[in-house]
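**Student:** Pasting in a structure now, in structure tokens, and then I'll have a few things to ask.
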């Protein structure tokens, strides 16, 4: 059984959603970031960078234990392990990987900046607005892509959808003003959010 160490951030939600969607058995170990649990000696022994998520798979390649960090690495690993959500024709599609990695780096990074600035005692509004406008610009880029395709990766569900959904989910919950005027994203968001695996993945009381 896989052990998942995570918190309900965009990155943590990715890993949990993927585990629930693939149907793999796992044990959830919530990591309380506010209390600094990710900086504890015990957790740093698993992930020296003190970041989440981390998974430990006792049945990794060649039957040997595998410890993995970085949400996109975990999604790719679980897709490879189960043969799910990584269609063969996408595995070597560089446009697919360019867009998927843009979610993981550009969009997630900007959202983290927005959330960090917003938590400051006296947030600098012009900076917050600038990052918000950048996030909305990225989202509108994706809105344009989804005018011609059903899902984030192409016309079938892939790890790109499970990478993207938590970013939009968190943004809508905290800064909805930066997620407007994206009807194709709205359509996709409703469909992905209705999946039982995604709904379970968002619930950190389950796992």
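**Student:** Per the Debye formula with a single identical scatterer at each Cα and no solvent contribution, what log10 I(q)/I(0) holds for the range 13-55 at q = 0.33 Å⁻¹?
**Tutor:** The Cα Debye sum returns log10 ratios of -1.16.
**Student:** A further question on this structure: Report, for the chain, the % of DSSP beta bridges that are antiparallel, rounded to 5.
**Tutor:** 60 percent
**Student:** Hey, what's the Kirkwood Rh for the range 88-193 if you take every pair of different alpha carbons, in angstrom?
**Tutor:** Result for the range 88-193 stands at 14.2 Å.
**Student:** For the range 1-95, just the Cα set please: Rg and Dmax, both in angstrom.
**Tutor:** Considering the range 1-95 through its Cα atoms, Rg and Dmax are 13.7, 43 Å.
**Student:** So, one more: With each label point set 7 Å from Cα along the Cα-Cβ vector, what nm distance links residue 141 and residue 40?
**Tutor:** Those two pseudo-labels are separated by 3.9 nm.
**Student:** For 29, 124, which order do you get if you count the other beta carbons within 10 Å of each Cβ and list the fewest first?
**Tutor:** 124, 29
**Student:** Right, next: May I ask you to sort 174, 168, 180 by Cβ crowding, counting other Cβ atoms within 10 Å and putting the fewest first?
**Tutor:** 180, 174, 168
**Student:** Within a 10 angstrom radius of the beta carbon, how do 139, 78 rank from fewest other beta carbons to most?
**Tutor:** Exposure proxy ranking, most exposed first: 139, 78.
No value in this document is a laboratory result; all are computed from the given coordinates. Given the structure is predicted, the values throughout are model-derived calculations rather than measurements. Note that we place each Cβ from the backbone using ideal geometry, even for glycine, and neighbour counts take in every protein chain shown.
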